[in-house]
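Below is one structure, written out as C-alpha cells; comments come after it.
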Amino acid sequence: MNALIKSATIVDSKSDFHNETVDILIEKGRISKIAKRINNPRNYKEIQLDNLHVSQGWFDSSVSFGEPGYEERETISNGLKTAANSGFTSVALNANSNPVIDSYADITFVKSKANDNAVSLYPIGALTQMSNGEDLAELFDMRNAGAVAFYDYQKPISNPNLMKIALQYASNFDGLVCSFPQESRISRNGVANEHVNSTKLGLKGNPALAEELQVARDLFLLEYTEGKLHIPTISTAKSVELIRAAKAKKLNVSCSVAIHNLVFTDAVLHEFDTNFKVLPPLRTQTDCDALIEGLKDGTIDMVTTDHNPIDIEYKKIEFDYAKYGSIGLESAFGALQNSFTTKKTISLLTQGKSRFNITEHSINEGEIADLTLFNPDETYDFTIDKISSRSKNSMFLGQQLKGKSYGVIANNKMVLNNE
C-alpha cells in the first residue's frame, strides 16, 4: 500500500515530528519520508482531509463481536470494519461467544477470521473452561495459538484458590490473567448502582462494595503469587485507591475503565433506558471524578469502549430483564474529548498495547505505518445513522460529541470513511 498524506498534524509524543504539520509518504506499508512538503512523482494516492491529524493507531483492550454463535449481534468482519472506521487499528477480542473461546482451535479460528484486515485482532482466551469458573482452560495452549490474555468476560472468579492457581500457573509463561471486579454474593441480582437513585427508581442495587471486595481480594492474591494481573473496567473511587496503593507496592497490576463509566452517572437511569444497563453499573459523580483523576495520575492504565453488541430483543424489554452492554467503538473518540484535551484523549486511546504484548509503532521514518487519521474539532450529534455495528445499543445516542475519525492505515492497508 502506497500513499501520500498531505498537511497532517502529528500527535505522537514519541515522534520526532510531534505537533508539526507535515506530509507523510508511505511506501509498501512503511513510513519512508516525513517532511514539510513532499512531491508525488509516482502518482501515489494522496490523502487531503479537513483539519487532518494523525496519531499512532488506537487500541481497545475489550471488545465483543459475537462470532462464533451470536452473529446476529455482530460478526468479526463487520466488527473490524466498524473498528477501522472508528479509528482503531488493534482490538482485543473477548471470549464471550458460543462456544466460548477456550482452546487452541478456538483462538486459531477467530484469528483466521481476521486475516488480511487493516485492524489487528488479538484474542483473549477464557480463563476457565466454558467460562464456568470451575476448571482452568488450556491457558498455555491458547497462548501458543496467539491469545494475549485470559478472562471470563464479566464473570467473576468466586473461588479464590482457583484465582491463586491461575496467577501462579500463568506466571510460568508471562501470561496476563484478568479478573472481573465483582463479588457476586454481594452484588446478587443488582442491576443499578446501590445508591439514592436505585432506591428512588425501585431498581435492585449493586453496591460499590461488591467491586471493592473483589479488587482487594485479587490484589492480596497477586501479592502472594507474584503473578501478572489485569483488572478490567473498574468503576468506583475506592477501587482506584486500592490499585494506587498496590502499584506503590510495585505489584504487577494494571487496570482499565470503560469510557461510559467516565461520562455517565446513575442519574441517567430515570427513563429506564436499557442502553444504560451495563456491568459494572454506572456509579456516582464522585466515582466518575475519581476515575478521571486515576487516569490523569497513571493509576488507571487504559480506557476501553467495552464494546458489547446486544440484539434488540434483549434490550427492548423491562430494565430488570435486559442484558448488560453497550456498543462504544463509534462514539469513543468524541466522548473522551468531552472530558479531556485532544492530546490526552490520543494518549488514552493509544495506551495499553505493551500490557497485552502488542508492538507500538511511532510516527517516524522507517517505522511500519500504524496510523489513525482524525479531525479533533468536528462536533455533531451522535445519531443511529452514525452506527455501523449490527446492533444499535449505544448509550451515546442523542449526545453531542466532538471529534471525528477519518479511518486508519495499518497492516499495509487503508480504510477511510469517505470511500
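The values are calculated or read from the model by the stated rules, or taken from the named source; none is laboratory data. It should be emphasised that the depicted structure is a prediction, and the values quoted were computed from it without experimental measurement. All Cβ positions, even for glycine, are placed from backbone atoms using ideal geometry, and neighbour counts span all protein chains on display. Accessible surface areas use protein heavy atoms only, side chains included; no ligands, DNA or RNA. Shrake-Rupley method; radii C 1.70, N 1.55, O 1.52, S 1.80 Å.
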Legend entry - Cα convex hull of the chain - mean projected area over all directions, nm²: 18.7
Inset, instruction - Pairs of lysines 8 or more apart, or on different chains, with alpha carbons under 26 Å: count those in the range 1-130, would you? - result: 19
Inset, instruction - Give the carbon-plus-sulfur fraction of the accessible surface of the range 19-133 in %, rounded to a whole number; probe 1.4 Å, heavy atoms of protein chains only. - result: 43
Inset, instruction - May I ask for the angle, rounded to the nearest 10°, between helix 237-248 and the longest principal axis of the chain, with both axes built from Cα atoms and the value confined to 0 to 90°? - result: 70
Legend entry - Distribution of pairwise C-alpha distances over the range 118-217, 5 Å bins, in %: 3, 13, 20, 19, 15, 11, 9, 7, 3, 1, 0
Inset, instruction - Normalising by the residue count of the chain, find the relative contact order in percent from Cα pairs under 8 Å and 6+ residues apart. - result: 20
Inset, instruction - Starting from the residue with the highest accessible area, list Lys164, Lys14 in decreasing order, probe 1.4 Å. - result: Lys14, Lys164
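Order these peptides, 230-239, 72-81, by their mean beta-carbon neighbour count within 10 angstrom, highest first. Could you put the intermediate results ahead of the total?
Working: 230-239: 24.8, 72-81: 20.5.
Packing order, densest peptide first, comes out as 230-239, 72-81.
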Inset, instruction - Would you pull out the residues with amide H under 5 Å of Thr128's amide H, same chain only if 5 or more places away, H placed 1.01 Å from N? - result: Gly133, Ala137, Asp152
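Summing -39500 (n - 2.57) over the DSSP H runs of n ≥ 4 in the chain and dividing by its residue number, what mean residue ellipticity at 222 nm do you reach, to the nearest 500 deg cm²/dmol? Could you put the intermediate results ahead of the total?
Details: 12 runs with 109 residues, N = 419.
Value at 222 nm, helices only, nearest 500: -7500 deg cm²/dmol.
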Legend entry - Amide H partners (placed H, <5 Å) of Lys45, local residues excluded: Leu4
Inset, instruction - Compute the long axis of helix 104-113 from its Cα atoms, compare it with the longest principal axis of the Cα atoms of the chain, and write down the angle in degrees, 0 to 90, nearest 10. - result: 40
Inset, instruction - Just report the Cα centroid separation between the range 264-292 and the range 312-360, whole Å. - result: 14
Legend entry - Proximal lysine pairs, the range 115-273, alpha carbons under 20 Å, eight or more residues apart or interchain: 13
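For the range 1-154, give the share of DSSP beta bridges that are antiparallel, in percent and rounded to the nearest 5; count only bridges with both residues there.
Details: 11 of 27 bridges.
Antiparallel bridges: around 40 percent, rounded to the nearest 5.
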Legend entry - 3J(HN,Hα) from dihedral phi, the range 125-130, Karplus parametrisation 6.51/-1.76/1.60, rounded to Hz, x for glycine, proline: x, 4, 6, 10, 4, 6
Legend entry - Charge dipole of the chain about the Cα centre (unit charges at C-beta), most positive-ward option of Ile384, Ser254, Pro123: Ser254
Inset, instruction - Evaluate the relative contact order of the range 73-132 (contact order divided by residue number), counting alpha-carbon pairs under 8 angstrom at least 6 apart; express in whole percent. - result: 44
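Run the numbers on the range 104-144 and let me know its relative contact order in percent, using alpha-carbon pairs under 8 Å that are six or more apart.
On the way: 29 pairs, mean separation 14.6, N = 41.
36 percent.
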Legend entry - Per-residue HN-Hα couplings for the range 408-413 [Karplus 6.51, -1.76, 1.60; θ = phi - 60°; Hz; x = Gly/Pro]: 9, 10, 6, 6, 6, 9
Inset, instruction - With everything on Cα atoms, drop me the angle between helix 285-296 and the longest principal axis of the chain, reported from 0 to 90° to the nearest 10. - result: 50
Legend entry - Most positive-pole-ward Cα, Gly146, Gly227, Pro207, against dipole of the range 106-229 from beta carbon charges: Pro207
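Where both partners of a DSSP beta bridge lie in the chain, what percent of those bridges are antiparallel, to the nearest 5?
Numbers: 28 of 57 bridges.
DSSP beta bridges in the chain are roughly 50 percent antiparallel.
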Legend entry - Probe 1.4 Å, accessible area per residue of the range 1-101, Å²: 39
Legend entry - Cut-off under 5 Å, modelled amide H: who pairs with Ser120 long-range: Ser90, Val91
Inset, instruction - Could you go through the range 137-148 in sequence order and give the Karplus-derived ³J(HN,Hα) for each residue, using 6.51 cos²θ - 1.76 cosθ + 1.60 with θ = phi - 60°, rounded to whole Hz, and x for Gly and Pro? - result: 7, 7, 4, 5, 4, 5, 4, 5, 7, x, 5, 9
Inset, instruction - Alpha carbons only, please: Rg and Dmax for the range 162-274, in angstrom. - result: 15.7, 50
